[in-house]
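Quick notes on the structure that follows.
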Amino acid sequence: MDDNPIEQFRNMKLPQVPLKSVITGVVSLVAVFTLFSTVYQVEPEEVGVVLRFGQYSRTTNPGLHFKLPFVEAMTRVPVQRQLSQDFGFQTASSNARNGLAGQQRRVPEEAVMLTGDLNVAVVEWIVQYRVADPRQYLFEVRNLEETFHDMTEAVMREAVGDRTVTEVVTIGRQDIESTVEARLQELVNQYQMGLTIDQVVLQDVNPPDPVRPSWDEVSQAQQQRDRLINEALAEYNAVIPRARGEAQQAILQAEGYALDRVNRAQGEGSRFSTIHAAYRQAPVVTRQRMYLETMQQILPQVGRKVFVAEDSTDVLSLLSLDGGARATTATLTDTTERTRGNQ
Amino acid sequence: MNRNLQILVALALGVGILLMTSVYTVTEIDQVIITRFGEPISDPITRPGLHLKTPFVDKVNRFEKRFLEWDGVPNQVPTRDRRFIFVDTYARWRIVDPLRYLETLQGSEITAQSRLADILDGETRNAVARHNLIEIVRTSNRQPADTTINIQEVQETLEVISTGREEITREILKAATAAVSEYGIELLDLKFKRINYVPEVQQDVFARMIAERQRIAEEFRSEGQGESARIQGERERDLAQIQSEAFREAEELRGTADAEATQIYAEAYGRDEEFYAFTKSLETYQRTMDSSTTFILNTDSELLRFLEQPR
């Protein structure tokens with residue numbers, strides 16, 4: 001033995017391992033590895049795309065499958081899963097590192113856009129899509145998700161750029177959604193991205209924050225207008241139908257008056273005619289009778305009766321006695337005179 | 001025996017290395033140019049699969065076959081109507097002539113991206129400066145839909161454009177296509193991703209938007225008051241109409257009835273005017289005389305003439 005370390009190494013006693021077990025170990029290791037690169041499973045929502053030496057070979061459906069080890073490679077594509085991208089905001093689930101699940105973070109540079117009347121709107125939306133053609137999805141476009149994101153932003157701004165800010169914020173939502181959806185699908189087909197757009201959904205669509213109070217003022221003013229109009233209409237409705245009814249009432253009352261008047265006239269007229277016809281039979285005696293009958297009726301009711309001699313002239317002195325200026329005084333002299341004269 | 005095994009292993013290793021260096025794969029996503037001592041010796045190989053080459057001397061240069069992205073940085077650009085905006089564009093491109101691409105850009109994508117940026121940013125700047133802002137924002141002359149705000153006084157209109165966003169991007173694309181073709185690059189499309197006002201302008205725009213909203217709010221208030229006054233006037237007019245019409249009709253009815261009654265009376269009483277006066281007088285006496293009446297009768301009267309001297 002010398003001190004040369006090489007000599008020492010050479011003379012070191014290796015542990016005695018039988019050659020046979022070494023070969024068995026290596027062979028079984030290789031066998032296991034080969035098995036793992038031969039068998040693969042495709043989950044229900046995916047398909048497996050198999051490449052042989054980098055060349056597309058086949059697409060396999062869910063289930064257990066075999067491929068050639070080492071020369072074939074398999075990529076899974078989730079064709080059934082609905083994928084989605086957020087614009088103008090990010091949900092924490094897509095950015096799980098910070099652990100704030102469900103919380104949203106605004107991305108204003110994506111959301112702020114110009115409208116067709118050169119105003120500014122803040123639009124947030126999501127796009128849901130699916131892989132329709134796994135081959136195109138894998139092989140036609142690099143950084144597909146990013147490209148898709150850029151495209152969608154451009155298409156949304158195109159749509160918003162053709163609308164007034166009022167339209168965008170109020171009634172244009174559905175119109176924008178369907179326009180963007182159609183245009184996006186068109187571009188996806190043009191780029192051969194192998195995607196289908198399921199839907200475009202607008203989330204919060206607002207005027208920019210500094211402008212918002214004035215928008216609220218508009219809706220307030222709108223409500224104020226509606227209130228004023230409604231109040232005026234209410235007042236109108238409170239007065240006019242009633243006036244119509246009252247007008248009807250006045251007319252009906254007049255009709256009543258008219259009926260009354262005419263009927264009375266007819267009644268009195270026919271009474272007179274009847275009496276007159278009878279009177280004509282014996283005018284003198286009837287006249288006498290009527291006069292005396294009337295007197296008979298009147299005189300018992302009269303409070304004071306004063307009989308004056310034919311030649312008495314001082315009637316007034318008599319009257320002053322009772323001092324009753326309030327009393328009705330009837331002097332029959334003239335009447336009798338006239339009555340008599342008319343006979 | 002031991003020695004033979006060693007030779008066998010060495011031989012296998014040698015063959016293995018030789019094989020490894022004389023085959024290469026082309027995948028679905030790339031294309032290859034073989035260079036021998038730096039000299040391209042073949043057309044681009046785009047067919048995916050296993051291919052052969054001369055070992056050691058041939059070098060495989062891979063290029064992307066897919067559509068590639070180019071994402072511009074926001075540029076501050078003035079439009080023709082002197083408005084300063086940030087323009088952010090993106091483009092899709094691909095390598096159509098790898099040989100050219102290799103020769104002109106040494107096959108470096110970083111170089112390609114910066115060449116694209118130079119060309120596209122320049123063309124975008126030119127195009128934007130040639131057009132008014134509205135042309136860049138709008139695509140078509142679509143008419144705005146009726147919003148609830150579109151009362152007659154507050155009609156919102158969109159300015160009419162002659163070129164439009166899509167046409168402008170097409171112009172940029174056309175100009176850039178010629179410039180990039182020398183690099184073996186094809187541009188597929190270019191779009192304005194974002195167009196925004198620069199911050200100072202943005203403040204002005206916000207102020208204008210606020211003023212615009214306030215104007216609309218005023219219109220609403222004024223419309224409300226006006227409409228309310230109109231309805232009030234309508235109410236007063238309708239009321240006057242209803243009441244006066246009713247009055248007229250009632251008076252007409254009364255008048256007609258009065259006339260008819262008068263005619264009836266005249267006809268009946270006219271047969272004997274004197275008798276009418278007699279009976280009506282008697283009737284009146286009956287009605288007017290009561291307990292408060294002092295009745296002075298001359299003994300000469302029709303009633304009392306028998307009192308003094310019964311004949």
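The values are calculated or read from the model by the stated rules, or taken from the named source; none is laboratory data. Just so you know, these numbers come straight off a predicted model, no measurement behind them. With ideal geometry, Cβ positions are generated from the backbone for all residues, glycine too; neighbour counts draw on all protein chains shown.
Against the test of being in contact with a helix residue (DSSP H, G or I) (Cβ under 8 Å, 6 or more places away or on another chain), under 20 Å from B:R237 (Cα atoms) and facing chain B (nearest Cβ under 7 Å), the options A:A221, A:A254, A:A247 yield a single qualifying residue, A:A247. Of all residues in the range B:187-213, none satisfies the criterion of being exposed (fewer than 15 other Cβ atoms within 10 Å of the Cβ) and either touching a helix residue (DSSP H, G or I) at 6+ places or on another chain (Cβ under 7 Å) or of a type in the set (S, T, Y) (or both).
The conditions of being crowded, with 17+ Cβ neighbours inside 10 Å, over 32 Å from the mean Cα position of the chain (by Cα) and either part of a strand (DSSP E or B) or not charged (D, E, K, R) (or both) are met by B:A179.
Among the residues of the range A:107-130, is any loosely packed, with under 15 Cβ neighbours inside 10 Å, within 14 Å of chain B (Cβ to nearest Cβ) and at pLDDT 90 or above? There is no residue in the range A:107-130 that is loosely packed, with under 15 Cβ neighbours inside 10 Å, within 14 Å of chain B (Cβ to nearest Cβ) and at pLDDT 90 or above. Of all residue pairs spaced 6 or more apart or on separate chains, those with beta-carbon atoms under 8 Å, a first member in the range B:200-214 that is touching a residue at least 12 places away in the same chain (Cβ under 8 Å) and a second member that is crowded, with 18+ Cβ neighbours inside 10 Å are B:V201/B:R83; B:V201/B:I85. Residue pairs whose Cβ atoms lie under 9 Å apart, separated by 6 or more positions or on different chains, with the first residue in the range B:275-297 and at pLDDT below 80 and the second among the acidic types (D, E), are B:T294/A:D322. Between B:L52, B:L133, the distinction of being aliphatic (A, V, I, L, M) and crowded, with 19+ Cβ neighbours inside 10 Å belongs to B:L133 only.
Evaluating B:Y24 against the criteria (1) of a type outside the set (D, E, K, R); (2) part of a helix (DSSP H, G or I); (3) touching a His at 6+ places or on another chain (Cβ under 7 Å) leaves one unmet condition, (2). Could we say that A:N263 is over 46 Å from the mean Cα position of the chain (by Cα) and not assigned by TED's automatic domain parsing to the domain that holds A:V122 here? For A:N263, the condition - over 46 Å from the mean Cα position of the chain (by Cα) and not assigned by TED's automatic domain parsing to the domain that holds A:V122 - is met.
I'm trying to understand the selection: among the residues of the range A:151-192, which are closer than 21 Å to B:E135 by Cβ and among the basic types (K, R)? Answer for the range A:151-192, where residues must be closer than 21 Å to B:E135 by Cβ and among the basic types (K, R): A:R157, A:R163, A:R183. Take the range A:257-282 and flag every residue that is surrounded by fewer than 13 Cβ atoms within 10 Å (Cβ to Cβ) and either touching a Lys or Arg at 6+ places or on another chain (Cβ under 6 Å) or in a helix (DSSP H, G or I) (or both). The answer is A:L259, A:D260, A:G267, A:S270, A:R271, A:T274, A:A277, A:A278. Scanning the range A:162-197 for residues that are assigned to a helix (DSSP H, G or I) and either farther than 30 Å from B:I210 by Cβ or not assigned by TED's automatic domain parsing to the domain that holds A:L118 (or both) returns A:S178, A:E181, A:A182, A:R183, A:L184, A:Q185, A:E186, A:L187, A:V188, A:N189, A:Q190, A:Y191.
So, A:V211, is that one more than 9 Å from chain B (Cβ to nearest Cβ), surrounded by 15 or more Cβ atoms within 10 Å (Cβ to Cβ) and in contact (Cβ under 8 Å) with a residue 40 or more places away in the chain or not? Outline the logic, then answer.
Working: more than 9 Å from chain B (Cβ to nearest Cβ): no; surrounded by 15 or more Cβ atoms within 10 Å (Cβ to Cβ): yes; in contact (Cβ under 8 Å) with a residue 40 or more places away in the chain: yes.
No, not satisfied.
Looking only at the range A:31-60, residues that are farther than 28 Å from B:D30 by Cβ and of a type in the set (G, A, S) come to 1 in all. Being closer than 30 Å to B:E267 by Cβ, more than 7 Å from chain B (Cβ to nearest Cβ) and modelled with pLDDT under 85: is that true of A:T335 here? Yes. Regarding the range B:87-109, can at least one residue be identified that is surrounded by fewer than 16 Cβ atoms within 10 Å (Cβ to Cβ), touching a Pro at 6+ places or on another chain (Cβ under 7 Å) and within 30 Å of B:V128 (Cβ to Cβ)? Looking for residues that are surrounded by fewer than 16 Cβ atoms within 10 Å (Cβ to Cβ), touching a Pro at 6+ places or on another chain (Cβ under 7 Å) and within 30 Å of B:V128 (Cβ to Cβ), one finds none in the range B:87-109, hence no.
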